[in-house]
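Once you've had a glance at the structure underneath, I'll fire off some questions.
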Amino acid sequence: MNDSGPSPGIGQIAIGQIVQVKKGRDEGSYAVVIEVQNDRYVLIADGDKRKIDRAKKKNINHLELLNYIAPEIRMSVEETGRVTNGKLRYALSGFLEQQLDLLKEGE
């Protein structure tokens, strides 16, 4: 997978990282890490079903950490300390389109 920023190491998680939910009600969906609370829990949101003001606290053991960090999310959080739902949707749609293109190339 393409990486837009410094790659998080194994077991590390970064703000702006795309994750796939492995356990719970949202299983199979994609989201963006918007806050790292400690070495075990993060807050995730997707800007659509899970909005930024109702971010989900999630155990990182229940997430698949993908090797992609959305640069627009990371920069927004670093510059202003917040991110919008629109930016989350944009980052996720761009990531999913990129993955779809990679699958088409593999055929």
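In whole percent, how big is the carbon plus sulfur part of the accessible area of the chain, probe 1.4 Å, protein atoms only?
Within the chain, the accessible surface is 46 percent carbon and sulfur.
So what does Asp101 come to for accessible area, using a 1.4 Å probe and Å² rounded to 10?
80 Å²
Enumerate the calculated ³J(HN,Hα) couplings along segment 43-57 in order (Karplus 6.51 cos²θ - 1.76 cosθ + 1.60, θ = phi - 60°), each rounded to whole Hz, writing x wherever the residue is Gly or Pro.
9, 10, 8, 10, x, 10, 6, 10, 6, 4, 7, 10, 4, 9, 7
For Leu63, enumerate residues with amide H under 5 Å from its amide H, sequence gap 5+ or separate chain, H modeled in the peptide plane.
For Leu63, whose amide H was placed from the backbone, the distant partners under 5 Å are Lys22.
If you don't mind, there's one more thing I want to ask. Can you pull the accessible area of Val19 for me, 1.4 Å probe, Å² to the nearest 10?
0 Å²
May I ask you to give the solvent-accessible area per residue for the chain, in square angstrom, as obtained with a 1.4 angstrom probe?
The answer is 63 Å² per residue.
Among Leu66, Leu92, Leu43, determine the one that fluctuates most according to a GNM of the chain built with springs between C-alpha atoms less than 10 Å apart.
Result for the chain, Cα springs under 10 Å: Leu66 fluctuates most.
To the nearest 10 square angstrom, how much accessible area does Ile15 have with a 1.4 angstrom probe?
Near enough 50 Å² of accessible area.
Sum up the lysine pairs in the chain that clear both bars: alpha-carbon distance under 16 Å and a spacing of 8 or more or different chains.
Within the chain, the lysine pair count is 10.
Also, I was wondering about something else. May I ask you to derive the relative contact order of segment 17-105, considering only C-alpha pairs under 8 Å and at least 6 residues apart, and to give it as an integer percent?
28 percent
Based on DSSP H runs of at least 4 residues, each adding -39500 (n - 2.57), what is the mean residue ellipticity at 222 nm of the chain after dividing by all its residues, to the nearest 500 deg cm²/dmol? Working shown, then result.
Numbers: 2 runs with 32 residues, N = 107.
Result for the chain: -10000 deg cm²/dmol, rounded to the nearest 500.
Then there's this: Taking a quarter of the surface of the Cα convex hull of the chain, what do you get in nm²? Numbers along the way, then the final one.
Values: hull surface 26.8 nm².
Averaging across all directions leaves 6.7 nm² for the Cα convex hull.
Can you list the residues, at least 5 places off or on another chain, whose amide H is less than 5 Å from the amide H of Glu35, using H built in the peptide plane?
Hits under the 5 Å cutoff: Leu43.
The values are calculated or read from the model by the stated rules, or taken from the named source; none is laboratory data. Model, not experiment: these values are computed from the prediction. Accessible surface is based on the protein model in full, side chains and every heavy atom, while ligands, DNA and RNA are left aside. Shrake-Rupley method; radii C 1.70, N 1.55, O 1.52, S 1.80 Å.
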